[in-house]
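Data first, discussion second: the structure below is written as structure tokens.
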Amino acid sequence: RVFFKKKINIFILVVLAIIIGFAYLYPPLIEYDKFANLLDASAKHLHPLPAMQKMGYNIHWILGAGAAGQSTFDAIWVGSRISISLALICAAINMTVGVIAGALWGFSRKVEIFMMELFNIVYNVPYLLVCAVLVMLFTPSFWVMVFAFTITQWLSIAYFIRTQVIIIRDREYNLASKCLGTSTVKIAIKNILPFMTSVIVTLLATEIPYYISMEVFLSYVGLGLSDMSLGRLIYESESAMVTPGWGFEFWSPVAVASIIAVVLYVAGQNLGDASDPRTHM
């Protein structure tokens, strides 16, 4: 109820629904073929109006045509589905493992010793370097990217949750529960994590856009997916950025990727604020 009291949140949810709808419902309804107009030189690098004049006045050409004569609009949503799916899967894995490990880390002395040593060793290795090396060692496929984004990133989430758990682990009700024989796992899951809902939701709000940005960045430097993701689309249209008259095909996917990241972040932040009882004034 607190979340829906603000009209801006309703607007954000509508935009998010449109994005998710186009990303997951639109591609199955079309037959996207990147090279369908490859042999037609006059269909390449077109602005929206010339593209619609040549190809027809329909939704496919409202963002013009790319280097192979393909629909930029169709390519963006095919790529968005891959990028958003990658971000959601990585965020789900890292948040699940990180929250559970962080809760146990902050509550158990034995886990604290092991996890702190692991954190000191692994976390000081640059995360971007780890991702780049893994992508270069294996074929840059969807699941390789998932593996690269999750192999160490959960540690930073676990450390953050551990810090939050330490703040509330020695409160009276937890001490009483421990004296009554409740296991550490049950105390962490039942007594601590429910009080951290707003913290977890806020953290999730930063995680999903982060993986979209990472995928776009790695693709932009040539280390991203071989599939037509948003990052791959931006990478392939890089030359159009500096070519007079072709910039539209570069800035279109950049704008959509930015909108997706911002909408996901703002929606998560506002939901995190709404889930915090201290804001219910």
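The values are calculated or read from the model by the stated rules, or taken from the named source; none is laboratory data. Because the structure is predicted, anything quoted here is derived from the model rather than measured. Backbone-built Cβ (ideal geometry, glycine too); neighbour counts: all protein chains shown. Surface accessibility is based on the protein's heavy atoms, side chains included, excluding ligands, DNA and RNA. Shrake-Rupley method; radii C 1.70, N 1.55, O 1.52, S 1.80 Å.
If you take the residues in the range 1-41 that are in contact with a Lys or Arg (Cβ under 8 Å, 6 or more places away or on another chain) and of a type outside the set (S, T, N, Q), which one is farthest from TYR265 (Cα to Cα)?
Only one residue fits best here, namely PRO27.
Enumerate the pairs (first residue in the range 206-220 and over 11 Å from PHE149 (Cα atoms); second residue anywhere and open to solvent by 50 Å² or more (accessible area, probe 1.4 Å) and of a type in the set (Phe, Trp, Tyr)) with beta-carbon separation below 7 Å, excluding pairs fewer than 6 apart on the same chain, so at least 6 apart or on different chains.
THR206/TYR265; PRO209/TYR265; SER219/TYR235; TYR220/TYR235
Enumerate the helices (runs of 4 or more DSSP H) found wholly within the range 180-281, keeping only those where 3 or more residues are surrounded by 15 or more Cβ atoms within 10 Å (Cβ to Cβ) and on the phi < 0 side of the Ramachandran plot.
Answer list for the range 180-281: 197-220, 230-236, 247-274.
Taking the stated definitions as given, is ILE10 under 21 Å from VAL256 (Cβ atoms), open to solvent by 40 Å² or more (accessible area, probe 1.4 Å) and free of Cβ contacts under 8 Å to residues at least 24 places away in the same chain?
no
Kindly indicate whether any position in the range 144-153 is over 30 Å from ASP227 (Cβ atoms), among the aliphatic types (A, V, I, L, M) and either out of contact with any Lys or Arg (no Cβ under 7 Å at 6 or more places or on another chain) or open to solvent by 30 Å² or more (accessible area, probe 1.4 Å) (or both).
No: zero hits.
Please enumerate the residues belonging to the range 35-65 that are open to solvent by 50 Å² or more (accessible area, probe 1.4 Å) and assigned to a helix (DSSP H, G or I).
ALA41, SER42, LEU49, PRO50, GLN53, LYS54, MET55, ILE59, HIS60
Looking only at residues that are surrounded by fewer than 20 Cβ atoms within 10 Å (Cβ to Cβ), under 20 Å from THR197 (Cα atoms) and among the hydrophobic types (A, V, I, L, M, F, W, C) in the range 96-130, which one is modelled with the highest pLDDT?
So the residue we want is VAL97.
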